[in-house]
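The block underneath contains the structure these notes are about, expressed in structure tokens.
The values are calculated or read from the model by the stated rules, or taken from the named source; none is laboratory data. Fair warning: this is a prediction, and the values are worked out from it, not measured in the lab. Note that each Cβ is placed from the backbone with ideal geometry, even for glycine, and that neighbours are counted across all protein chains shown. Please note that ligands, DNA and RNA were not included when accessible areas were found on the heavy atoms of the full protein model with its side chains. Shrake-Rupley method; radii C 1.70, N 1.55, O 1.52, S 1.80 Å.
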Amino acid sequence: MDSNNLKIHEHIKVVPPSSSTQTTTIIPLTFFDIFWLKFHPVERVFFYTLPNSQSHPSFFFQEIVPILKSSLSLTLKHFLPLAGKIVWPSDSSKPFLQFNPNDDDGVSLLIAESDLDFNHVIENSPHEASLSRSLIPLLESTDSFASIISIQITLFPKSGFSIGISTHHAVLDGKSSTMFIKAWAYLCNKTIETLEDSPTLLPKFEPLFNREIIQDPNDLAADFTNIWIDIMKQKLPNEKVNNLEIFPFEPKLKDYVRATFKLTHGDLDKIKQRVLSKWEILYPNESKPQSLSTFVIACAYSHVTIAKAMNGVDKEKEKFSFVFSVDCRARLEPPIPNNYFGNCVWAQFPDTQALDFIKEDGVLLVAKCIHEKILMIGEKGVLEGAKDCINKFISLGREGFEVMGVAGSNRFGVYETDFGWGRPEKVEIVSIDRGLTIGLAESKDGNGGVEVGVVLNKDVMDLFRNLFLEGLRID
């Protein structure tokens, strides 16, 4: 963390209210969870503006921070396992989740103050990728345990504040982490309004931790555990195989910039019509879909533009692939409840060809492949070929592919996350700087558009920006 511009006021562990923590809680990890065991944390930051009087340090730290702390503790009463850690004892074949009220368990909370220019940090136009990094807390992972979430509240005097959250991907997918943040925001509002000691949570925010509803007839959990053990033996032959340190996917910061681009409802519609009319010409014997989803269009347009910009700056970069995660809750047999809390996403590789992304009709080629992959999931099931997923990642890397991904979703409703001081001014997925990934969110103004966050090398970003905006001007 770049702490030059950061003043740490307090670093504490927030625990659930003592009445709710009588016994040790143990929850197994499913194959959905173990798949992500060594991946980097998902890091997101919510920015909120405040009037001058409320963003004065004395008011903020004495009035607002205590409410955020107490409502976080109340939220953990409903999400007890998040106050624990992932452990992997030597006598256990698999890691699991454990919360022990008598142990040093709890959620790390950092209270800080930044002298960065708030408006510069939240602007959409390209700015130093490192700026948001100081607003994200470290998620602890060692050879013997891994924390599940950590949180940082940062004041920008006379401007506003941010809430940065780092989550372990082996415990929470995007839907779950968003649900937790929204539950906290809901209880924070209730605390302000009613001053109740223990306000109730809305049913839609009540998490379901029951792991028994995830069926694993092919014992994928054991397969993925063994794959990680093999990788550990190769990478770190002198370390114990049940080491829980997350692999160091270092953020790309030097000469990299971060920016957010908007695709309005009109932009998406224009790209969609363009793709569908070309589809008719290039594939006259295939039935054309009636429509294409916002997700398909936003991903195809953004990733093709990234690939063309990278290839424009470095001609050697010409082989690209794309992976996206699919929420499996409604797609499993039988379907599992929407409030299931844990990982329930699966990685999918559309059947694109290496050069599709840099071809003239790249947006059509990639959109068609994503659309067909989604249709195939509907026919063959979401876990078709699941066993080979990690190996697919590894082999693409070995073959020199630039593997692009997507974090977040335009369906999470992150801009609805109001803690009692208004909706966010900006929401950013900071961890996209750890790979070649876009951050996707619904448009802040709620008009059916999307926001696309990107972190790219400065020269690549210049070209990306030109290509992205140019493509929207074409009729």
Residues 166, 147: which one is more than 25 Å from residue 338 (Cβ to Cβ), in contact with an Asp or Glu (Cβ under 6 Å, 6 or more places away or on another chain) and either modelled with pLDDT of 95 or more or not hydroxyl-bearing (Ser, Thr, Tyr) (or both)? 147
Of the residues 470, 428, 402, 451, only one is of a type outside the set (Gly, Ala, Ser) and over 17 Å from residue 125 (Cα atoms); which? 402
Run down 161, 145, 156 and say which single residue is of a type in the set (Phe, Trp, Tyr) and either within 30 Å of residue 462 (Cβ to Cβ) or out of contact with any strand residue (DSSP E or B) (no Cβ under 7 Å at 6 or more places or on another chain) (or both). 156
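Filter region 152-174 down to the residues that are more than 20 Å from residue 83 (Cβ to Cβ), not polar (S, T, N, Q) and not in a strand (DSSP E or B), then identify the one that is most open to solvent (accessible area, probe 1.4 Å).
So the residue we want is 158.
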Taking into account only those residues within region 191-212 that are out of contact with any Ser or Thr (no Cβ under 8 Å at 6 or more places or on another chain) and outside any loop (DSSP other than H, G, I, E, B), which is surrounded by the most Cβ atoms within 10 Å (Cβ to Cβ)? 205
Of residues in region 337-373 being of a type in the set (A, V, I, L, M), modelled with pLDDT of 95 or more and within 27 Å of residue 179 (Cα to Cα), the one surrounded by the fewest Cβ atoms within 10 Å (Cβ to Cβ): 345
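Listed here are the residues, each with its yes/no results for (1) closer than 29 Å to residue 406 by Cα; (2) part of a loop (DSSP other than H, G, I, E, B); (3) in contact with a strand residue (DSSP E or B) (Cβ under 6 Å, 6 or more places away or on another chain).
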site	(1), (2), (3)
12	no, no, yes
36	yes, yes, no
67	no, no, no
86	yes, no, yes
91	no, yes, no
I'd like the full set of residues that are farther than 15 Å from residue 129 by Cβ, open to solvent by 40 Å² or more (accessible area, probe 1.4 Å) and under 17 Å from the mean Cα position of the chain (by Cα), limited to region 417-475. none
Of all residues being in a strand (DSSP E or B) and over 30 Å from residue 332 (Cα atoms) in region 42-59, which is most open to solvent (accessible area, probe 1.4 Å)? Just the residue, please. 49
Can you pull out every residue in region 23-41 that is more than 20 Å from residue 224 (Cα to Cα) and either aliphatic (A, V, I, L, M) or crowded, with 22+ Cβ neighbours inside 10 Å (or both)? 26
Among 288, 319, which is the only one that is of a type in the set (Lys, Arg), open to solvent by 10 Å² or more (accessible area, probe 1.4 Å) and touching an Asp or Glu at 6+ places or on another chain (Cβ under 6 Å)? 288
